[in-house]
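First the structure, in the form of structure tokens, and then the observations on it.
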Amino acid sequence: MGDKPLWEQIGTSFVQHYYQLFDTNRPQLESIYTEESCLTWEGEQFHGKTAIIQKISSLPFHKIAHSITAQDHQPTPDSCILSMVVGQLKADEDPVIGFHQMFLLKHINDSWVCTNDMFRLSLHNFT
């Protein structure tokens with residue numbers, strides 16, 4: 001990882017940390033959001049870490065496992081990091097399904113936080 005740009009190392013570490021917490025202890029994700037953070041989950045919008053954690057904690061499954069297929073990270077002109085994740089998830093006994101998630105990370109008070117988070121399942125409706 002040492003030969004990768006710093007922003008890519010930070011993005012990769014964030015993604016690993018995020019899904020480890022999501023899969024094992026979703027309420028702990030509160031530490032990565034701020035009161036100004038925004039989440040769009042399947043088109044539904046949430047603002048602030050309290051609303052975001054309420055949404056994430058209320059998802060209707062007991063166990064979940066994410067598998068990351070690919071992740072890409074870019075630095076932004078205002079010193080943030082944009083991260084895109086593609087992968088698969090398995091919730092309870094449901095079939096495995098694909099997902100896409102994007103994060104905008106910002107360095108605030110000596111830590112990286114998620115200011116923007118967008119999530120979509122990879123569902124195809126060809127009607």
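The values are calculated or read from the model by the stated rules, or taken from the named source; none is laboratory data. Keep in mind that this is a model prediction, so the values were computed, not measured. Here the Cβ positions follow ideal geometry from the backbone for every residue, glycine too, while neighbour counts run over all protein chains shown. Side chains included, ligands, DNA and RNA excluded: accessible areas come from the protein's heavy atoms. Shrake-Rupley method; radii C 1.70, N 1.55, O 1.52, S 1.80 Å.
Per-structure values
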| read-out | value |
| --- | --- |
| Gln74 being closer than 20 Å to Arg26 by Cβ and open to solvent by 90 Å² or more (accessible area, probe 1.4 Å) | no |
| Test: His66 is at pLDDT 95 or above, open to solvent by 80 Å² or more (accessible area, probe 1.4 Å) and assigned to a strand (DSSP E or B) | no |
| Selected residue (only one of Val113, Val86 is farther than 13 Å from Val15 by Cβ and among the β-branched types (Val, Ile, Thr)) | Val113 |
| Pair list, Cβ under 6 Å, 6 or more apart: the range 46-69 residue in contact (Cβ under 8 Å) with a residue 60 or more places away in the chain and under 14 Å from Cys114 (Cβ atoms), other residue open to solvent by 30 Å² or more (accessible area, probe 1.4 Å) and of a type outside the set (Val, Ile, Thr) | Ile52/Phe46 |
| Within the range 26-40, considering residues that are farther than 11 Å from Gln54 by Cβ and either touching a Pro at 6+ places or on another chain (Cβ under 8 Å) or touching a residue at least 24 places away in the same chain (Cβ under 8 Å) (or both), the one most open to solvent (accessible area, probe 1.4 Å) | Glu36 |
| Scan of the range 41-56 for residues that are open to solvent by 40 Å² or more (accessible area, probe 1.4 Å) and more than 14 Å from the chain's Cα centre (by Cα), ordered by number | Gly43, Glu44, Gln45, His47, Thr50, Gln54 |
| Pair list, Cβ < 7 Å and 6+ apart or interchain, from the range 80-100 residues that are more than 15 Å from Phe22 (Cβ to Cβ) and open to solvent by less than 40 Å² (accessible area, probe 1.4 Å) to residues that are modelled with pLDDT under 95 and among the polar types (S, T, N, Q) | Gly98/Ser122 |
| Lone unmet requirement of (1) assigned to a loop (DSSP other than H, G, I, E, B); (2) in contact with a strand residue (DSSP E or B) (Cβ under 8 Å, 6 or more places away or on another chain) for Tyr19 | (1) |
| Lone qualifier among Phe61, Phe99, Phe119 - being assigned to a loop (DSSP other than H, G, I, E, B), out of contact with any His (no Cβ under 7 Å at 6 or more places or on another chain) and of a type in the set (A, V, I, L, M, F, W, C) | Phe61 |
